[in-house]
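A short worksheet on the structure shown next.
The values are calculated or read from the model by the stated rules, or taken from the named source; none is laboratory data. Worth saying up front: this structure is predicted, and the values here are computed from it rather than measured. So basically every Cβ, Gly included, is an ideal-geometry build from the backbone, and we count neighbours across all protein chains shown.
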């Protein structure tokens, strides 16, 4: 879930639906029009900007300006206008929610948009380590690490470690031999 949201909407019904997120500990900043919304996005640096298309249509230049803040964009589309949501996605928004806004659906959409924002920032920074490129690990490396972790957790007890890993004890013993683990 996002930690900081920016809502750009003059619609009190939308603000009320977003209010359920505030009860979950999310910080909310609300603006009512385009100019103050874009300025707030750059100042506040939210995880997600929820933009009500009744305020102004979400388009490529607007999404690009909002992405400058590092935020994901979630378009809130007018009642019965599914095409507006499709246009918003095509223009770079991560998610859209149609009015009337359901608070539970909105919470899920905000979480997905926040995840998209985090992944975009990681990619732009060149990896999770702040400038380092992500190095994918092989399945064997991950398996070896999990086996070591389970064995350490169970103080070398192979029966318990095998049960935790969901494999037979004989398979575990074989993998210990293959990976030359000395625990």
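Just a few scattered comments:
- In this structure, residue 7 qualifies as touching a strand residue (DSSP E or B) at 6+ places or on another chain (Cβ under 8 Å) and either outside any strand (DSSP E or B) or closer than 14 Å to residue 103 by Cβ (or both).
- Scanning region 20-33 for residues that are part of a helix (DSSP H, G or I) and either in contact with a helix residue (DSSP H, G or I) (Cβ under 7 Å, 6 or more places away or on another chain) or more than 16 Å from residue 74 (Cβ to Cβ) (or both) yields a total of 2.
- Selection from region 84-114 of residues that are assigned to a loop (DSSP other than H, G, I, E, B) and either in contact with a strand residue (DSSP E or B) (Cβ under 8 Å, 6 or more places away or on another chain) or at pLDDT below 85 (or both): 92, 93, 94, 99, 101
- Residue selected from region 100-120 under the condition over 11 Å from the mean Cα position of the chain (by Cα) and surrounded by fewer than 20 Cβ atoms within 10 Å (Cβ to Cβ), by the criterion farthest from residue 46 (Cα to Cα): 100
- Filter pass, residue 17 being touching a strand residue (DSSP E or B) at 6+ places or on another chain (Cβ under 8 Å) and either in the same structural domain as residue 117 (by TED's automatic domain parsing) or over 15 Å from residue 113 (Cβ atoms) (or both): no
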